[in-house]
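Since the structure comes first, as structure tokens, the remarks are kept for the end.
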Amino acid sequence: MLKSLLIALVLSCSLCAMAQSNVDGYWEYRVPNGGVTFFSFKQSGEAVSGLNEDRKLPYTGTLKDQELHLTADTKSHGEPFTITLDGVRRSADEFSATMVTPAVRPHETFKIEGVLRRVDRDAVYPVRLPLPPLQDQPDNGLVRTPPMGWNSWNHYHDHFDDATVRQMADAMVSSGMAAAGYKYIIVDEGWSSSRDANGNIAGNARFPDMKALADYVHSKGLKIGIYTSPGAQVCGGYQGSYGHEIEDAKTFADWGYDYLKYDWCGARRIYQRTPVDLQGAYQKMSQALAKTGRPIIYSLCEYGWGDVWKWGAKSGGNLWRTTGDISDHWDSMDHIGFAQLDITQYAGPGHWNDPDMLEVGNGGMTTEEYLTHMSLWALLRAPLIAGNDLRTMSDETKSILMNSEVIAIDQDSAALPVQRTPPQGTSEVLVRPLANEAVAVGLFNRGSAPAEISFRWDSLHLQEYLGGKQLEARDLWKHEDIPVTGDTYTATVPPHGAVLVRVAVKPYDM
Ligand code: GLA
């Protein structure tokens, strides 16, 4: 009797505590496999306003009868999208919750169940640790030509697993991509869960053995890359390396990783976007990588902030993202690609501008647009990191990604920057001097009607090498020689299309 009275009392007290306590404060939304999103909530009666603390995205909604309903307006693939976060309260400090967010492909949604739990402010905004004094880092001697490989993000976001990565390594070899020069299989966000009892970073249930995965990729004759952040969490909330940079670099080296993409994201909640913080945080990991003694390509990902191309090499970077994220749309690719032309002089052997990964084969652009994408990236000397499903490539996708003559432009040993001639409306002519008395010329039609685009043979400055010899020219997409006649070459370029030509001094016929 007394016992049931006590139970009733305890129950009613926890219910009354739950009913009385409002949701003001910080909350984490944690999903299986380790992703965390941080929110702050403010309650007024039944009305609740919230903020996604990573993206600073405002939420509005209600808490009625211990059910939470919040929405946030955002965009997905250029169209309006409403994110929902619905929870049922389990205690004063916990809800079981479901979130519906945009998925990787247009018009698809992703629904995931997790737990919304009240946390201290420190969990969201960790106490700041000191950064090293800025100091130029030595060149690690890697990537004398732009790195080539595959990365999981563009096709999968974080919805992938160990088996997918292994299959991608298999397909990299069986499709001919490896023979064409693609070498790095890069595991982007989604592999990490939390830290083990010793503070070591660990893979989540989808990535149970990161060392075994590296061994498998190596057994295919390939190299493997991994992803983390100077923040405590990476973008989608998986474990980051904040405060554990040295241990994590050592772990990655012990597991056998050859490439690290280090993405700012969660670092926003710790550091400022100042030169000292950006450079200090990237330098810290560069020093940690150097300490491991393993050659590890270091890829900086902070979206071009603080003109990273001016200091990325000094902070130890082998490549650095120069822009926000690419998406599988003409506007995104066109904007990013042509914006690179202002900073081409900052790239060179060992340190490359990275205008983001390829979208070729993901289905959001036309063939002509993908030809432009690949031609432009090759002329820019961009890293060629495929972002499509290598297991199911169409012949057309293969012919774009594996065009050896186009890849040779990207990888050309002279590594000289591309030059832009003044655009004529939406027509662009880009010229890049190559090794061995040759030049690559890209004719780009950024407009929506076919365009005649020309260049003069003598504008390529190859005459000085001629000495009685002839020029030869080749259309690298048609795989056809072009007769060098008259003063100019003119091509009819389809809307959003490109023609890529290699012109060279013809060796004497033997
Ligand atoms: C950022 C990067 C992307 C990808 C995602 C993962 O947006 O720029 O390339 O790594 O994070 O969340």
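Key figures for this structure:
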| quantity | calculated |
| --- | --- |
| Distance histogram in 5 Å bins (all Cα pairs of region 202-296, percent per bin) | 3, 14, 23, 24, 19, 11, 5, 2, 0 |
| Cβ-placed point charges (K, R +1; D, E -1), dipole of the chain about Cα centre in debye, nearest 20 | 1220 debye |
| Cα lying deepest toward the dipole's positive end in region 294-406, options LEU401, GLY350, TRP309, charges on Cβ | GLY350 |
| Cα coordinate range in region 401-448, projected on the principal axes (Å, largest first) | 32, 23, 13 |
| Charge dipole (region 425-503, unit charges on Cβ, about Cα centre) - positive-most of VAL499, GLN470, ILE482 | VAL499 |
| Angle in degrees between helix 330-339 and the longest Cα principal axis of the chain, rounded to the nearest 10 | 70 degrees |
| Computed accessible area, LYS291, all protein chains, 1.4 angstrom probe, square angstrom | 150 Å² |
| Region 122-184: Cα Rg divided by the 2.2 N^0.38 Å rule of thumb | 1.74 |
| For region 79-152, radius of gyration divided by Kirkwood radius, i.e. Rg to Rh on alpha-carbons | 1.20 |
| Two-site label geometry, ASP307 and LYS42: point separation in nm, points 7 Å out along Cα→Cβ | 3.8 nm |
| 1.4 Å probe accessible area per residue over region 269-407, in Å² | 31 Å² |
| Extreme residue, positive dipole direction of the chain, given options ALA440, LEU300, SER91 (C-beta unit charges) | SER91 |
| Isotropically averaged projected area of region 404-510, using the convex hull of Cα atoms (one quarter of hull area), nm² | 7.1 nm² |
| Sulfur and carbon atoms: percent of accessible area, the chain [1.4 Å] | 53 percent |
| Protection proxy ranking, peptides 39-51, 330-342, 313-325, average beta carbon neighbours within 10 Å, highest first | 313-325, 330-342, 39-51 |
| Alpha-carbon radius of gyration plus Dmax, which is the widest Cα pair, for region 285-395 in Å | 14.9, 46 |
| Restraint check, LYS284/LYS310; LYS183/LYS310; LYS261/LYS310; LYS183/LYS506; LYS211/LYS261, Cα-Cα greater than 25 Å | LYS183/LYS310; LYS183/LYS506 |
| Space enclosed by the convex hull of the alpha-carbon atoms of the chain, per residue, Å³ | 174 Å³ |
| Segments 242-248, 261-267, 207-213, 348-354 sorted - mean Cβ within 10 Å per residue, highest first | 261-267, 348-354, 242-248, 207-213 |
| Two-decimal log10 I(q)/I(0) for region 301-358, as the Debye equation yields it once each C-alpha is a single scatterer, q = 0.15, 0.19, 0.30, 0.31 Å⁻¹ | -0.39, -0.61, -1.30, -1.35 |
| Heavy atoms of THR397: accessible area, 1.4 Å probe, square angstrom to 10 | 20 Å² |
| Within region 382-439: Cβ-based charge dipole about Cα centre, in debye rounded to nearest 20 (Lys, Arg +1; Asp, Glu -1) | 140 debye |
| Nearest-ten-degree value, helix 245-255 long axis tilted from longest Cα axis of the chain | 70 degrees |
| On Cα atoms only, tilt of 162-174 relative to the major axis of the chain in degrees | 10 degrees |
| Dipole magnitude of region 131-216, debye to nearest 20 (Cβ charges: Lys/Arg +1, Asp/Glu -1, about Cα centre) | 160 debye |
| For region 18-90, the Rg and Dmax computed from alpha carbons only, in angstrom | 12.7, 41 |
| Globularity index of region 170-251, i.e. its alpha-carbon radius of gyration over 2.2 N^0.38 Å | 1.21 |
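The values are calculated or read from the model by the stated rules, or taken from the named source; none is laboratory data. Since this is a predicted model, take the numbers as computed values, not measurements. With ideal geometry, Cβ positions are generated from the backbone for all residues, glycine too; neighbour counts draw on all protein chains shown. Just the protein is used for accessible areas: all its heavy atoms, side chains included, with ligands, DNA and RNA removed. Shrake-Rupley method; radii C 1.70, N 1.55, O 1.52, S 1.80 Å.
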